[in-house]
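Colleague: Attaching a single structure in structure tokens format; questions to follow.
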């Protein structure tokens, strides 16, 4: 066999593989024929649903807020809520709080984790909130402020100072 | 060699270089995420929403098993990039990478930016992408194979799959209930706005350019029309090599634009590796040889 020739069946396999790959890539197009609530996204084959969503001037976002002893509030960074990056954490929070309607479950699970985090020692409470934002106002005024509805709240457990166990050192012993 | 055959042939070095680039990119990508992946696989199992081949599972695998698979993927990536044992490593690496990235996307959020990487790896793994510029070729010590269609079809298929990703994105935009209204640019403008708001409420920051450009509605109409043309007419880029390269360079620029305006990183596309199959990379080797 010279280098100029195909190996037996090589060409047929290449054609079949090409047809299969391109067929699979385009297969998700059928999702557009289904009702919107029955469409299913996948990986690595997707119909890219994020581009199908209608974007309005007002938008809702579910997020977590830390409350301090003086009632001042601080939005919590995504890395405090979970791993995998901002969008993964956001999707997970939305899934529990809205899709599955268990915001209290999320808050209760988050509170002890925050208690253990060194950057959250000043927090006394965590709230899961649903914020409504006027996108034009936010972007044009460079100020991301919205109307918040509290979905769930949980106190952050703190070990009282009186109960902290101190290991006696040699100098403390009589 | 006839002109037709020449047109559908490619040097083995071109395909080999594309394999090395895709493998090298994947190695850096996965190595930098090893710690993050170890955390992700320890997420609350209630968040598990399997996609792709991971749909075979009802519940997550134990974290040590997931860690071992991630590390096996790193090893297979290195061998794939080197072109070592490609007949075995190529398909094995495709399978491991598909699994690892699908598993990473099985925690309630799908990262679509990895789709093209998985498909490109699948194509390279199933082709003779290590006949040149590889450890296999170095050890065989034979002459470099002559240009052949077997080195051309994988590159064409990679390009076709890339265009399919953009075509599907474009179709998704116009298949909405309000149809072609996407071309007005309002949806794009608001998509950028909502992305910025999400970043701010989750303790990050919206891209400064998003604030600066938001008031310029006409600009977003221009962006929307431009991106939609590049998406819906993507398959035309397969008709001619020059046109294809122009299309690839346009998308390379678009992804950097998205990075500046939205702060979203499509790393594979921004690295240029996603579009490498459009170019005569073997010329780089000629340049290196001449420089010696």
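The values are calculated or read from the model by the stated rules, or taken from the named source; none is laboratory data. Computed from a predicted structure; not experimentally measured. Glycine gets a Cβ as well: all are built from the backbone with ideal geometry, and neighbour counts include every protein chain shown.
Colleague: Name the single residue that is nearest to the other protein chains (Cβ to nearest Cβ) among those in the stretch B:52-69 being more than 26 Å from the chain's Cα centre (by Cα) and assigned to a helix (DSSP H, G or I).
Modeller: It comes out as B:63.
Colleague: Restricting attention to helices (runs of 4 or more DSSP H) lying wholly within the stretch A:49-124, give those where 2 or more residues are in contact (Cβ under 8 Å) with a residue 40 or more places away in the chain, more than 8 Å from chain B (Cβ to nearest Cβ) and touching a strand residue (DSSP E or B) at 6+ places or on another chain (Cβ under 8 Å). Explain how you work it out, then say what you get.
Modeller: Numbers: elements: A:78-81, A:86-94, A:103-115.
Here the list reads A:103-115.
Colleague: Follow-up question, since we're still on this one. Would the stretch B:90-107 turn up any residue that is more than 7 Å from every other protein chain (Cβ to nearest Cβ), in a loop (DSSP other than H, G, I, E, B) and at pLDDT below 95?
Modeller: no
Colleague: Inside the stretch B:201-250, can you point out the residues that are in contact with a strand residue (DSSP E or B) (Cβ under 7 Å, 6 or more places away or on another chain) and surrounded by 21 or more Cβ atoms within 10 Å (Cβ to Cβ)? Lay out the reasoning, then the answer.
Modeller: Narrowing the stretch B:201-250 to residues in contact with a strand residue (DSSP E or B) (Cβ under 7 Å, 6 or more places away or on another chain): B:201-203.
B:201, B:202, listed by residue number.
Colleague: I would also like to ask the following. Would it be correct to say that residue B:66 is farther than 19 Å from residue B:20 by Cα, surrounded by 20 or more Cβ atoms within 10 Å (Cβ to Cβ) and free of Cβ contacts under 8 Å to residues at least 40 places away in the same chain? Give the derivation first.
Modeller: Details: farther than 19 Å from residue B:20 by Cα: yes; surrounded by 20 or more Cβ atoms within 10 Å (Cβ to Cβ): yes; free of Cβ contacts under 8 Å to residues at least 40 places away in the same chain: yes.
Criteria met by residue B:66.
Colleague: Let me ask something additional. Out of everything in the stretch B:139-153 that is within 8 Å of chain A (Cβ to nearest Cβ) and in a helix (DSSP H, G or I), what residue ends up being nearest to residue A:19 (Cα to Cα)?
Modeller: Among those that are within 8 Å of chain A (Cβ to nearest Cβ) and in a helix (DSSP H, G or I), it is B:153.
Colleague: To continue, here is another question. Taking the stretch A:125-147, which residues are touching a strand residue (DSSP E or B) at 6+ places or on another chain (Cβ under 8 Å), farther than 20 Å from residue A:80 by Cα and surrounded by 15 or more Cβ atoms within 10 Å (Cβ to Cβ)?
Modeller: A:133, A:134, A:135, A:144, A:146, listed by residue number.
Colleague: Being more than 23 Å from residue B:31 (Cα to Cα), outside the structural domain of residue B:12 (by TED's automatic domain parsing) and not in a helix (DSSP H, G or I), is that true of even one residue in the stretch B:115-137?
Modeller: No, because not a single residue in the stretch B:115-137 is more than 23 Å from residue B:31 (Cα to Cα), outside the structural domain of residue B:12 (by TED's automatic domain parsing) and not in a helix (DSSP H, G or I).
Colleague: Follow-up. Given the conditions (1) away from every other protein chain (no Cβ under 14 Å); (2) outside any helix (DSSP H, G or I), and given that residue B:49 satisfies all but one, which numbered condition is not satisfied?
Modeller: (1)
Colleague: Name the pairs whose Cβ atoms lie under 7 Å apart, with the first residue in the stretch B:120-137 and within 11 Å of chain A (Cβ to nearest Cβ), the second outside any helix (DSSP H, G or I) and surrounded by fewer than 23 Cβ atoms within 10 Å (Cβ to Cβ), and 6 or more positions between them or separate chains?
Modeller: Once the first residue is within 11 Å of chain A (Cβ to nearest Cβ) and sits in the stretch B:120-137, its partners that are outside any helix (DSSP H, G or I) and surrounded by fewer than 23 Cβ atoms within 10 Å (Cβ to Cβ) give B:131/B:145.
Colleague: Might you check whether a residue that is part of a loop (DSSP other than H, G, I, E, B), over 30 Å from residue B:37 (Cβ atoms) and free of Cβ contacts under 8 Å to residues at least 12 places away in the same chain occurs anywhere in the stretch B:181-192?
Modeller: Here is the first cut: in the stretch B:181-192, the residues part of a loop (DSSP other than H, G, I, E, B) are B:185.
The next check asks that each one be over 30 Å from residue B:37 (Cβ atoms); those that pass are B:185.
Among the residues that remain, those that are also free of Cβ contacts under 8 Å to residues at least 12 places away in the same chain are: none.
No, every residue in the stretch B:181-192 fails to be part of a loop (DSSP other than H, G, I, E, B), over 30 Å from residue B:37 (Cβ atoms) and free of Cβ contacts under 8 Å to residues at least 12 places away in the same chain.
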